[in-house]
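The values are calculated or read from the model by the stated rules, or taken from the named source; none is laboratory data. These numbers come from a predicted model, not from an experiment. Because the Cβ atoms are built from the backbone with ideal geometry, glycine has one as well, and the counts that use them run over all protein chains shown.
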Amino acid sequence: MTFAARVVDSTLFQRFIICVILVNAVILGLMTLDLTPETLRLLLLVDYLCLAIFVGEMALKLAVYRRTFFQDGWNNFDLIVVGIAVLPDAGGLGVLRTLRVLRLMRLISVVPSMRRVITGMFLAIPGGASVAAVLAILYYVGAIIGFSFFHETVPEYFGTIGATFFTLFRMMTLEGWPDIAGEVMRRHPHAWIYFVAFIILTTFTTLNLLFGIIVDAMQNAKEEDVREQMAEHGIPPDQETPEIRLVMMERDIREIRAMLESMAPQRRHSAAE
């Protein structure tokens with residue numbers, strides 16, 4: 001391994017980049033204040049220094065990894081963020097350069113725990129899309145019912161289909177829904193059935209199902225990260241380590257819990273006989 005490769009892969013280099021990102025975050029925040037011209041010039045100088053370090057980092061990685069650099073999605077993300085930051089101020093490109101604050105997003109790519117969170121979120125997209133589709137159907141059905149029943153008597157909440165959708169969103173977030181329900185129930189005493197059913201189906205059921213999918217995806221991402229770390233250190237997958245044992249224990253607990261839940265209806269049926 002060459003000296004440049006050892007530098008890029010070293011923990012010290014990664015920590016140095018994290019420190020530069022944090023310093024750059026503070027500088028960008030200070031530049032939004034009402035400062036003297038001298039202070040602003042000093043901050044701009046430090047900002048350009050941070051940008052030069054980021055450009056040097058990208059050049060070093062490109063020299064070390066060459067074509068394999070683009071096979072890593074996080075490297076592509078870093079390259080795009082730094083590329084936007086070096087755009088000139090002249091012309092219409094100056095608008096894009098205001099996105100230099102995206103440099104702070106590089107913390108996600110250099111901190112392993114943050115990368116694991118983002119990876120888990122992406123793994124949860126297929127299951128989350130199914131839950132979102134179910135939620136959209138519940139919204140549509142609830143909006144049609146709410147508009148049909150209440151648009152004449154409570155137009156401020158259910159006057160149009162768009163206003164009805166927004167009202168249902170407020171109800172799902174549990175923000176101010178008692179006020180909405182109280183206003184409607186003064187004219188429709190049995191409207192509580194509509195509100196309770198919608199909140200149970202969305203907030204307490206569908207959203208919790210979505211959270212469960214995300215947690216499971218995070219767990220799978222954590223397990224995959226542990227296996228990748230083992231492979232990097234030359235540890236066979238069947239060789240136990242504290243990390244892999246913890247992951248396997250958590251997986252076994254989930255399987256046992258699922259098995260007990262599936263056995264519960266059978267026990268109730270046997271007891272009834």
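So VAL134 passes all but one of these: (1) surrounded by fewer than 13 Cβ atoms within 10 Å (Cβ to Cβ); (2) under 30 Å from MET218 (Cα atoms); (3) of a type in the set (A, V, I, L, M). Which condition number does it fail?
That leaves (1) as the condition not met.
Does any residue in region 1-20 that is assigned to a helix (DSSP H, G or I) come within less than 8 Å, Cβ to Cβ, of a residue that is of a type in the set (Gly, Ala, Ser) and surrounded by 11 or more Cβ atoms within 10 Å (Cβ to Cβ) six or more places away or on a different chain, and which pairs are these?
That search, which allows pairs on different chains as well, returns ALA4/ALA63.
Would you tally the residues in region 137-156 being within 31 Å of the chain's Cα centre (by Cα) and either touching a residue at least 24 places away in the same chain (Cβ under 8 Å) or not assigned by TED's automatic domain parsing to the domain that holds LEU207 (or both)?
4
Let's see how each residue does on (1) surrounded by 15 or more Cβ atoms within 10 Å (Cβ to Cβ); (2) touching a strand residue (DSSP E or B) at 6+ places or on another chain (Cβ under 6 Å); (3) modelled with pLDDT of 90 or more; (4) part of a helix (DSSP H, G or I):
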{"residue": "GLY127", "(1), (2), (3), (4)": "yes, no, no, yes"}
{"residue": "ILE144", "(1), (2), (3), (4)": "no, no, yes, yes"}
{"residue": "PHE147", "(1), (2), (3), (4)": "yes, no, yes, yes"}
{"residue": "PHE165", "(1), (2), (3), (4)": "yes, no, yes, yes"}
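Can you find a residue that is over 31 Å from the mean Cα position of the chain (by Cα), over 30 Å from THR11 (Cα atoms) and part of a helix (DSSP H, G or I) anywhere in region 193-204? Before you say what the answer is, go through the steps one by one.
We begin by selecting, within region 193-204, every residue over 31 Å from the mean Cα position of the chain (by Cα); these are 193-194.
After this cut, where a residue has to be over 30 Å from THR11 (Cα atoms) as well, the list is 193-194.
Going one step further and asking which of them are part of a helix (DSSP H, G or I), we end up with 193-194.
Within region 193-204 (the criterion being over 31 Å from the mean Cα position of the chain (by Cα), over 30 Å from THR11 (Cα atoms) and part of a helix (DSSP H, G or I)), the answer is yes, since at least one residue qualifies.
Among the residues that make up region 176-184, is at least one of them within 17 Å of LEU135 (Cα to Cα) and among the aromatic types (Phe, Trp, Tyr)?
If we filter region 176-184 for residues that are within 17 Å of LEU135 (Cα to Cα), which is where we start, we get none.
No, every residue in region 176-184 fails to be within 17 Å of LEU135 (Cα to Cα) and among the aromatic types (Phe, Trp, Tyr).
Mind listing just one residue for me: the one in region 178-192 that is among the charged types (D, E, K, R) and not in a helix (DSSP H, G or I) and, of those, farthest from VAL154 (Cα to Cα)?
So the residue we want is ARG186.
So, ASP78, is that one of a type in the set (D, E, K, R), at pLDDT below 85 and either under 24 Å from the mean Cα position of the chain (by Cα) or not assigned by TED's automatic domain parsing to the domain that holds VAL7 (or both) or not?
Taking the combined requirement at face value, the residue satisfies it.
Output the residues belonging to region 189-204 that are of a type outside the set (Gly, Ala, Ser) and surrounded by 15 or more Cβ atoms within 10 Å (Cβ to Cβ).
Initially, region 189-204 is screened for residues of a type outside the set (Gly, Ala, Ser), giving 189-190, 192-196, 198-204.
TYR194, PHE195, PHE198, ILE199, LEU201, THR202, THR203 - these are the residues of region 189-204 that are of a type outside the set (Gly, Ala, Ser) and surrounded by 15 or more Cβ atoms within 10 Å (Cβ to Cβ).
Hey, among LEU107, LEU135, which residue is out of contact with any Lys or Arg (no Cβ under 8 Å at 6 or more places or on another chain) and at pLDDT below 85?
LEU107
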